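> Below is the structure I would like to discuss, written out as structure tokens.
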Amino acid sequence: MERVPILQIEGILLVSIQIDLQDQSVLALQEDLAERISGSGAHGVVIDISAVEIVDSFIGRMFATIASLSKLFDADTVVVGMRPAVAITLVELGLTLGGVRTALNLERGMKILRELGERRRGRL
């Protein structure tokens, strides 16, 4: 099973999904992210899904679960790069991705998380 790499940029963890997501790889990602957030104290997580072409209900729910898990560790989550077909599928499956912010691209997602981090530190 391929594992999804997790990079850290400042206080933000970046997950770029470049593989076909299987149930096991999503569960491993969930565990890996929890460990990295806890260990690093990151305030944000960006999940880049621009290479993801299809999702099912399990994978859609896991994005929401990852966001909830991140929140427990005081980190915000932004999903970036969602393709129109993926968005349509999520809507058709009735998945709202509660608690997950979205942005069109990585640059916008990083900006959102930086602003949220600054607000959290009382700078804005």
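The values are calculated or read from the model by the stated rules, or taken from the named source; none is laboratory data. Quick caveat: nothing in here was measured; it's all calculated off a predicted structure. Quick reminder, even Gly has a Cβ in these numbers, built from the backbone with ideal geometry, and neighbours come from all protein chains shown. All accessible areas refer to the heavy atoms of the entire protein, side chains included, with ligands and DNA or RNA removed. Shrake-Rupley method; radii C 1.70, N 1.55, O 1.52, S 1.80 Å.
> How much accessible area per residue does the chain have, counting only protein heavy atoms and a probe of 1.4 Å, in square angstrom?
Accessible surface, normalised per residue, equals 55 Å².
> In addition: What percent does the relative contact order of the chain come to when contacts are Cα pairs within less than 8 Å and at least six residues apart?
On the way: 199 pairs, mean separation 30.3, N = 124.
Relative CO of the chain lands at 24 percent.
> Mind jotting down a quarter of the surface of the convex hull over the alpha carbons of the chain, in square nanometres, one decimal? Mind dumping the intermediate values first?
Working: hull surface 27.9 nm².
In nm², the orientation-averaged hull projection of the chain is 7.0.
> What value, in deg cm²/dmol to 500, does the helix sum -39500 (n - 2.57) over DSSP H runs of n ≥ 4 give at 222 nm once divided by the residues of the chain?
-15000 deg cm²/dmol
> On to the next question. Highest mean first, how do 90-96, 41-47 rank when packing is the count of other Cβ atoms within 10 Å averaged over residues?
Top to bottom by mean Cβ count within 10 Å: 41-47, 90-96.
> Between segment 17-66 and segment 81-106, what is the separation of their alpha carbon centroids in Å?
14
> Within the set of other residues whose C-beta is less than 15 Å from the C-beta of PHE73, count the net charge using Lys and Arg as +1 and Asp and Glu as -1. Walk me through the numbers on the way to the answer.
Numbers: positive: ARG36, LYS71, ARG120; negative: GLU31, ASP32, GLU35, ASP74, ASP76.
Here the count lands on -2.
> Beta carbons within 10 angstrom, averaged per residue: use that to sort the peptides 3-11, 48-56, highest first. Intermediate values should be presented prior to the final figure.
Numbers: 3-11: 13.4, 48-56: 16.3.
Result, highest mean first: 48-56, 3-11.
> With a sphere of radius 13 Å drawn around the Cβ of GLN30, what net charge do the other residues whose Cβ falls strictly inside it have (Lys, Arg +1; Asp, Glu -1)?
Here the count lands on -1.
> In addition: Mean separation of Cα pairs under 8 Å and 6+ residues apart, divided by the residue count of segment 43-105: what relative contact order is that in percent?
Worked out over segment 43-105, it gives 46 percent.
> Something else: So, with a 1.4 angstrom probe, what is the percent of accessible area on the chain that is carbon and sulfur?
After summing per-atom areas, the C and S share lands at 51 percent.
> List the residues whose amide H sits under 5 Å from the amide H of ASP48, counting only those 5 or more places along or on another chain, with H placed 1.01 Å from N in the peptide plane.
VAL15, SER16, ILE17, VAL80
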